[in-house]
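One structure below.
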Amino acid sequence: MSVKQIAGKWRSVTDFGRRCFYCLARVTWLLSRTPFRRTCRDQIKRLSVYLGWAYPRHEALLPKVNIDDAFPSIVPCRLMAPLAVDGNVSLLELWCINQIVAQSNPLRLFEIGTFDGRTSLNMIANASAEARLWTLDLPPEDVERTAFRLNEGEKAFVLKPKAGERFSSSGYEGRITQIYCDSGVYAPGELKGTVDLILVDGSHTFDYVMSDTRLALELMRDKGVIVWHDYDGDWPDVTRALNLLRVQNALLGAMRSVRGTTLVYAHVKKKEAPCRQIRAS
(Lines give C-alpha, C1' and ligand atoms only; values in the text may rest on other atoms or scores of the structure.)
Protein backbone atom coordinates (compact mmCIF):
# COMPACT_ATOMS: atom_id res chain seq x y z
CA MET A 1 0.00 0.00 0.00
CA SER A 2 1.42 3.39 -0.98
CA VAL A 3 1.91 6.30 1.38
CA LYS A 4 -0.89 8.15 -0.42
CA GLN A 5 -3.31 5.22 0.07
CA ILE A 6 -2.37 4.93 3.75
CA ALA A 7 -2.91 8.65 4.24
CA GLY A 8 -6.28 8.48 2.49
CA LYS A 9 -7.40 5.55 4.62
CA TRP A 10 -6.25 7.31 7.80
CA ARG A 11 -8.18 10.46 6.84
CA SER A 12 -11.29 8.33 6.23
CA VAL A 13 -11.00 6.62 9.63
CA THR A 14 -10.31 9.95 11.36
CA ASP A 15 -13.27 11.60 9.64
CA PHE A 16 -15.63 8.79 10.65
CA GLY A 17 -14.29 8.92 14.23
CA ARG A 18 -14.89 12.66 14.33
CA ARG A 19 -18.43 12.15 13.07
CA CYS A 20 -19.10 9.46 15.68
CA PHE A 21 -17.77 11.66 18.49
CA TYR A 22 -19.92 14.58 17.34
CA CYS A 23 -23.05 12.40 17.06
CA LEU A 24 -22.43 10.78 20.47
CA ALA A 25 -22.14 14.19 22.10
CA ARG A 26 -25.20 15.47 20.24
CA VAL A 27 -27.38 12.45 21.07
CA THR A 28 -26.34 12.63 24.74
CA TRP A 29 -27.44 16.26 24.80
CA LEU A 30 -30.73 15.44 23.04
CA LEU A 31 -31.55 12.58 25.41
CA SER A 32 -30.91 14.87 28.40
CA ARG A 33 -33.73 17.09 27.15
CA THR A 34 -37.08 15.74 25.90
CA PRO A 35 -36.10 12.90 23.53
CA PHE A 36 -39.56 12.28 22.10
CA ARG A 37 -40.35 15.83 21.02
CA ARG A 38 -40.61 16.11 17.24
CA THR A 39 -37.67 18.53 17.00
CA CYS A 40 -35.42 16.06 18.87
CA ARG A 41 -36.59 13.13 16.73
CA ASP A 42 -35.81 15.13 13.59
CA GLN A 43 -32.30 15.89 14.82
CA ILE A 44 -31.65 12.23 15.65
CA LYS A 45 -32.74 11.28 12.11
CA ARG A 46 -30.37 13.83 10.63
CA LEU A 47 -27.55 12.45 12.75
CA SER A 48 -28.24 8.93 11.48
CA VAL A 49 -28.02 10.21 7.90
CA TYR A 50 -24.82 12.08 8.81
CA LEU A 51 -23.29 8.75 9.85
CA GLY A 52 -24.47 7.12 6.62
CA TRP A 53 -27.22 5.04 8.22
CA ALA A 54 -30.46 4.85 6.23
CA TYR A 55 -33.56 5.86 8.17
CA PRO A 56 -36.35 3.32 7.52
CA ARG A 57 -39.13 4.70 5.32
CA HIS A 58 -41.88 3.23 3.20
CA GLU A 59 -42.76 4.65 -0.18
CA ALA A 60 -46.01 6.59 -0.17
CA LEU A 61 -48.13 4.69 -2.71
CA LEU A 62 -51.53 6.30 -2.19
CA PRO A 63 -52.72 8.70 -4.90
CA LYS A 64 -51.99 12.31 -3.98
CA VAL A 65 -54.37 15.20 -4.50
CA ASN A 66 -53.75 18.93 -4.26
CA ILE A 67 -55.63 21.00 -1.69
CA ASP A 68 -57.62 22.65 -4.49
CA ASP A 69 -58.71 19.27 -5.85
CA ALA A 70 -59.57 17.89 -2.42
CA PHE A 71 -61.65 20.97 -1.60
CA PRO A 72 -62.82 22.57 -4.85
CA SER A 73 -65.51 24.48 -2.96
CA ILE A 74 -64.20 26.17 0.20
CA VAL A 75 -66.79 26.72 2.93
CA PRO A 76 -66.45 28.94 6.02
CA CYS A 77 -65.12 27.08 9.04
CA ARG A 78 -64.11 27.86 12.61
CA LEU A 79 -60.41 27.49 13.46
CA MET A 80 -60.16 26.81 17.19
CA ALA A 81 -56.93 26.67 19.25
CA PRO A 82 -54.69 27.53 16.28
CA LEU A 83 -51.41 27.28 18.22
CA ALA A 84 -50.00 23.74 17.97
CA VAL A 85 -47.85 21.78 20.40
CA ASP A 86 -45.80 18.66 19.72
CA GLY A 87 -48.26 15.87 18.96
CA ASN A 88 -50.86 18.12 17.28
CA VAL A 89 -51.75 18.23 13.61
CA SER A 90 -50.35 21.20 11.69
CA LEU A 91 -52.45 24.33 11.14
CA LEU A 92 -53.00 23.37 7.48
CA GLU A 93 -54.02 19.85 8.49
CA LEU A 94 -56.42 21.28 11.05
CA TRP A 95 -58.00 23.47 8.36
CA CYS A 96 -58.36 20.43 6.07
CA ILE A 97 -60.07 18.41 8.81
CA ASN A 98 -62.41 21.34 9.49
CA GLN A 99 -63.27 21.56 5.79
CA ILE A 100 -64.09 17.84 5.69
CA VAL A 101 -66.39 18.22 8.70
CA ALA A 102 -68.07 21.39 7.43
CA GLN A 103 -68.64 19.95 3.95
CA SER A 104 -69.81 16.46 4.98
CA ASN A 105 -72.09 17.75 7.80
CA PRO A 106 -71.81 14.66 10.06
CA LEU A 107 -74.20 14.14 12.98
CA ARG A 108 -72.02 11.57 14.74
CA LEU A 109 -68.24 11.89 14.86
CA PHE A 110 -65.66 9.59 16.43
CA GLU A 111 -61.99 10.22 17.12
CA ILE A 112 -59.36 7.59 17.93
CA GLY A 113 -56.62 9.39 19.87
CA THR A 114 -57.77 12.39 21.93
CA PHE A 115 -54.40 13.72 23.10
CA ASP A 116 -55.10 17.33 24.23
CA GLY A 117 -58.47 17.58 22.46
CA ARG A 118 -57.50 20.13 19.81
CA THR A 119 -58.94 18.15 16.88
CA SER A 120 -61.98 17.14 18.98
CA LEU A 121 -62.72 20.80 19.66
CA ASN A 122 -62.32 21.81 16.02
CA MET A 123 -64.43 18.97 14.65
CA ILE A 124 -67.38 19.58 16.95
CA ALA A 125 -67.13 23.36 16.43
CA ASN A 126 -67.54 22.85 12.67
CA ALA A 127 -70.37 20.31 12.89
CA SER A 128 -74.04 21.21 13.21
CA ALA A 129 -75.54 22.06 16.60
CA GLU A 130 -77.19 18.61 16.73
CA ALA A 131 -73.90 16.73 16.21
CA ARG A 132 -72.17 14.68 18.91
CA LEU A 133 -68.56 13.55 19.11
CA TRP A 134 -67.00 10.59 20.92
CA THR A 135 -63.23 10.62 21.46
CA LEU A 136 -61.20 7.60 22.59
CA ASP A 137 -57.88 7.76 24.43
CA LEU A 138 -55.63 5.23 26.15
CA PRO A 139 -55.65 5.61 29.96
CA PRO A 140 -52.14 6.43 31.29
CA GLU A 141 -52.28 3.49 33.69
CA ASP A 142 -52.60 1.10 30.72
CA VAL A 143 -49.55 2.37 28.84
CA GLU A 144 -47.52 -0.78 29.66
CA ARG A 145 -50.34 -3.29 29.05
CA THR A 146 -51.73 -2.51 25.62
CA ALA A 147 -53.33 -4.90 23.14
CA PHE A 148 -50.51 -4.20 20.66
CA ARG A 149 -47.03 -2.80 21.01
CA LEU A 150 -46.62 0.97 21.33
CA ASN A 151 -43.67 2.94 20.03
CA GLU A 152 -41.56 4.22 22.91
CA GLY A 153 -41.94 7.73 21.49
CA GLU A 154 -45.72 7.53 21.80
CA LYS A 155 -45.78 6.89 25.53
CA ALA A 156 -44.99 10.51 26.33
CA PHE A 157 -48.25 11.50 24.58
CA VAL A 158 -50.21 9.02 26.71
CA LEU A 159 -48.63 10.07 30.01
CA LYS A 160 -50.18 13.53 30.06
CA PRO A 161 -51.99 15.23 32.97
CA LYS A 162 -55.40 15.24 31.25
CA ALA A 163 -56.84 14.07 27.93
CA GLY A 164 -58.98 16.58 26.07
CA GLU A 165 -57.78 19.63 27.98
CA ARG A 166 -58.37 21.92 25.00
CA PHE A 167 -62.13 21.29 24.87
CA SER A 168 -62.62 21.44 28.64
CA SER A 169 -64.55 24.62 29.52
CA SER A 170 -64.74 25.52 25.83
CA GLY A 171 -68.52 25.62 25.66
CA TYR A 172 -68.49 22.51 23.43
CA GLU A 173 -67.66 19.94 26.12
CA GLY A 174 -71.34 19.07 26.59
CA ARG A 175 -71.41 17.63 23.04
CA ILE A 176 -68.21 15.60 23.49
CA THR A 177 -68.00 12.22 25.23
CA GLN A 178 -64.56 11.20 26.46
CA ILE A 179 -63.90 7.44 26.42
CA TYR A 180 -60.88 5.98 28.21
CA CYS A 181 -60.01 2.64 26.67
CA ASP A 182 -57.38 0.85 24.61
CA SER A 183 -58.64 1.11 21.02
CA GLY A 184 -57.29 -2.40 20.41
CA VAL A 185 -59.95 -3.88 22.73
CA TYR A 186 -62.69 -1.24 22.47
CA ALA A 187 -66.18 -2.61 21.74
CA PRO A 188 -68.36 0.02 20.01
CA GLY A 189 -71.66 -1.31 21.37
CA GLU A 190 -74.58 0.94 20.42
CA LEU A 191 -72.28 3.16 18.32
CA LYS A 192 -71.68 0.32 15.86
CA GLY A 193 -72.83 1.32 12.38
CA THR A 194 -73.96 4.82 13.44
CA VAL A 195 -70.99 7.15 12.88
CA ASP A 196 -70.65 9.53 9.91
CA LEU A 197 -67.04 10.71 10.25
CA ILE A 198 -64.04 9.10 11.98
CA LEU A 199 -60.55 10.48 12.60
CA VAL A 200 -57.88 7.80 13.14
CA ASP A 201 -54.94 9.35 15.01
CA GLY A 202 -54.11 6.95 17.84
CA SER A 203 -51.01 4.78 18.07
CA HIS A 204 -48.78 4.84 14.98
CA THR A 205 -47.61 1.24 15.07
CA PHE A 206 -48.59 -1.02 12.18
CA ASP A 207 -50.86 -3.29 14.25
CA TYR A 208 -52.74 -0.38 15.79
CA VAL A 209 -53.30 1.40 12.46
CA MET A 210 -54.74 -1.83 11.03
CA SER A 211 -56.86 -2.47 14.14
CA ASP A 212 -58.07 1.14 14.40
CA THR A 213 -59.12 1.09 10.74
CA ARG A 214 -61.12 -2.09 11.33
CA LEU A 215 -62.77 -0.31 14.27
CA ALA A 216 -63.51 2.73 12.09
CA LEU A 217 -65.24 0.55 9.49
CA GLU A 218 -67.23 -1.16 12.23
CA LEU A 219 -68.37 2.18 13.64
CA MET A 220 -69.29 3.70 10.27
CA ARG A 221 -72.76 3.94 8.78
CA ASP A 222 -73.40 2.61 5.28
CA LYS A 223 -71.45 5.62 4.03
CA GLY A 224 -69.21 8.21 5.61
CA VAL A 225 -65.68 9.61 5.77
CA ILE A 226 -62.53 8.27 7.44
CA VAL A 227 -59.49 10.52 7.95
CA TRP A 228 -56.03 9.25 8.96
CA HIS A 229 -53.10 11.34 10.23
CA ASP A 230 -49.30 10.91 9.89
CA TYR A 231 -49.08 9.24 6.49
CA ASP A 232 -45.74 9.68 4.70
CA GLY A 233 -44.31 11.48 7.73
CA ASP A 234 -42.37 10.61 10.87
CA TRP A 235 -44.13 7.27 11.45
CA PRO A 236 -43.25 4.73 8.71
CA ASP A 237 -45.66 2.09 10.07
CA VAL A 238 -48.61 4.37 9.24
CA THR A 239 -47.47 4.62 5.63
CA ARG A 240 -46.94 0.85 5.36
CA ALA A 241 -50.33 0.05 6.91
CA LEU A 242 -52.34 2.48 4.78
CA ASN A 243 -50.59 1.32 1.60
CA LEU A 244 -51.65 -2.24 2.45
CA LEU A 245 -55.19 -1.32 3.52
CA ARG A 246 -55.96 0.29 0.17
CA VAL A 247 -54.93 -2.93 -1.62
CA GLN A 248 -56.62 -5.37 0.78
CA ASN A 249 -59.97 -3.68 1.30
CA ALA A 250 -62.18 -2.68 -1.62
CA LEU A 251 -64.02 -0.21 0.64
CA LEU A 252 -60.83 1.82 0.95
CA GLY A 253 -59.93 2.04 -2.73
CA ALA A 254 -60.83 5.75 -2.72
CA MET A 255 -58.12 6.65 -0.19
CA ARG A 256 -56.32 9.85 -1.11
CA SER A 257 -53.28 11.56 0.40
CA VAL A 258 -53.51 15.36 0.60
CA ARG A 259 -50.35 16.87 -0.82
CA GLY A 260 -48.49 19.16 1.61
CA THR A 261 -49.94 17.34 4.63
CA THR A 262 -49.76 13.91 6.29
CA LEU A 263 -53.54 13.44 5.98
CA VAL A 264 -55.33 10.66 4.12
CA TYR A 265 -59.09 10.60 3.63
CA ALA A 266 -61.58 8.19 2.09
CA HIS A 267 -65.28 8.49 1.31
CA VAL A 268 -66.56 5.01 2.19
CA LYS A 269 -69.74 3.42 0.83
CA LYS A 270 -70.23 0.01 2.39
CA LYS A 271 -73.05 -1.15 0.12
CA GLU A 272 -71.18 -0.41 -3.10
CA ALA A 273 -68.10 -2.58 -2.60
CA PRO A 274 -67.50 -6.03 -1.09
CA CYS A 275 -65.19 -5.96 1.93
CA ARG A 276 -62.25 -8.34 1.89
CA GLN A 277 -60.76 -9.33 5.20
CA ILE A 278 -58.01 -7.05 6.51
CA ARG A 279 -55.09 -9.03 7.89
CA ALA A 280 -52.88 -7.32 10.45
CA SER A 281 -49.62 -8.65 9.07
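Going through (1) more than 19 Å from Ser104 (Cα to Cα); (2) over 13 Å from the mean Cα position of the chain (by Cα) one by one, Leu219 falls short only on (1).
Output yes when any residue across segment 194-204 is under 16 Å from Ala60 (Cβ atoms) and in the same structural domain as Phe115 (by TED's automatic domain parsing), and no when none is. Give the derivation first.
From segment 194-204, those under 16 Å from Ala60 (Cβ atoms) are 204; that's our starting set.
In the following step, the residues that additionally are in the same structural domain as Phe115 (by TED's automatic domain parsing) were identified as 204.
Yes, the conditions are met somewhere in segment 194-204.
When the criteria are applied in full, Thr114 meets the requirement of being buried (at least 19 other Cβ atoms within 10 Å of the Cβ) and either farther than 27 Å from Asp237 by Cα or among the hydroxyl-bearing types (Ser, Thr, Tyr) (or both). Quick one: which of Trp134, Trp95 is farther than 20 Å from Val209 by Cα and in the same structural domain as Pro76 (by TED's automatic domain parsing)? So the residue among Trp134, Trp95 that is farther than 20 Å from Val209 by Cα and in the same structural domain as Pro76 (by TED's automatic domain parsing) is Trp95. In summary, Gln178 fulfils each of the numbered conditions (1) touching a Phe, Trp or Tyr at 6+ places or on another chain (Cβ under 7 Å); (2) touching a residue at least 60 places away in the same chain (Cβ under 8 Å) with the single exception of condition (1). Apart from one condition, Ser169 fits all of (1) surrounded by fewer than 20 Cβ atoms within 10 Å (Cβ to Cβ); (2) touching a strand residue (DSSP E or B) at 6+ places or on another chain (Cβ under 7 Å); the exception is (2).
The values are calculated or read from the model by the stated rules, or taken from the named source; none is laboratory data. These numbers were taken from a predicted model, which means no experiment stands behind them. Glycine gets a Cβ as well: all are built from the backbone with ideal geometry, and neighbour counts include every protein chain shown.
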